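Encoded as structure tokens, the structure appears first; notes follow it.
Derivation of every value follows stated rules applied to the coordinates shown; laboratory data play no part. From a predicted model like this one, the values you see are computed outputs, not experimental measurements. For neighbour counting, all protein chains shown are included, and Cβ atoms are generated from backbone atoms with ideal geometry for every residue, glycine included.
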Amino acid sequence: MQTDSIFYELFLFDPQCLSRLVQLKLEGEYGFESITVKTTEKRFDGFFRRLDGIGPHLFLEVQGYLEGKIYWKLYREICIFYEQRDDDTPFIAVVLFLDESYDPGEFGLTCLSPCRLIRANLIDCLKRLGDATGTLTPLMPLTLKTREELVEAVPRWKTEIKALNLNESREKVLEELLINVIAQKFTDLSAEEISTMLHLTPLEQTTAGKQIFGSGWNQGLTKGELIGKIEYAQSILGHPVSAKEDLLAKSPEELSVLFQVLELESKALMKMLGRS
């Protein structure tokens with residue numbers, strides 16, 4: 001599963017939901033961003049910074065395969081983060097496994113308080129939430145095994161998203177995340193089946209789709225606008241979002257070529273979804 005963009009979009013949408021997911025008690029409001037440590041060009045899956053006071057940094061690693069050295073690698077990158085900054089804020093490192101079989105088990109390095117390491121299995125975390133999923137609802141298809149369970153659960157998930165009383169654009173974000181997760185979890189379902197099941201507006205008719213897939217979308221844009229559109233398109237299409245510094249290093253011509261590739265892919269996606 002290509003999950004990086006899903007978690008990026010979800011935690012950007014609601015940074016506080018990570019604390020609920022792994023049952024971490026934190027005070028104050030946190031903001032989410034993606035950061036890179038320059039020595040190794042390693043991009044953390046997520047970084048949460050306290051916005052309204054003093055509180056620990058949160059480093060997130062979402063692990064979708066077995067990596068025996070995952071903890072050592074994460075600690076190495078955290079050490080590089082602090083080495084490069086005048087910052088002695090305590091940290092909490094969260095490793096979120098997409099399957100319990102991906103956890104390599106105990107290892108010999110521990111954190112000294114107030115720093116902490118949290119190891120969590122995503123499916124167990126979601127099941128513990130019960131009906132109180134909130135903005136984590138789009139991840140719930142990951143807990144199911146059969147199409148029959150999915151068909152039964154979809155109306156409940158739609159009701160839960162509606163019950164959040166979000167404005168239309170934010171509600172659409174969660175709906176599109178739900179579509180993305182269903183499509184990646186149940187790969188045997190066609191786009192038409194998913195759209196019918198959820199009774200949702202076809203992607204190209206949504207605000208996001210129009211912004212991404214509209215005709216002439218790469219014409220007359222500045223370099224900064226091109227970069228913003230590329231990042232947004234990559235996230236909507238389910239691709240890893242390119243590092244901003246990498247995009248800044250490209251010429252306008254190179255960015256336009258990347259645009260054209262995304263445009264071709266978007267047209268193929270629209271054809272697959274079908275126009276109503």
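Order these peptides, 127-139, 81-93, by their mean beta-carbon neighbour count within 10 angstrom, highest first.
Most protected by this proxy first, the peptides run 127-139, 81-93.
Given the pairs LYS73/LYS145; LYS223/LYS244; LYS25/LYS162; LYS25/LYS69; LYS69/LYS250; LYS73/LYS223, which are separated by over 23 angstrom at their Cα positions?
From the list (LYS73/LYS145; LYS223/LYS244; LYS25/LYS162; LYS25/LYS69; LYS69/LYS250; LYS73/LYS223), the Cα-Cα distance tops 23 Å for LYS73/LYS145; LYS25/LYS162; LYS25/LYS69; LYS69/LYS250; LYS73/LYS223.
For ALA153 and THR110 in the same chain, what is the full-extension length gain: residue separation times 0.36 nm, less their Cα-Cα distance, in nm?
Once the chain is fully extended between ALA153 and THR110, it gains 11.5 nm.
Please report, in Å, the Rg and the Dmax of region 29-136, where both are computed over Cα atoms only.
Answer for region 29-136, Rg first and Dmax second: 14.5, 43 Å.
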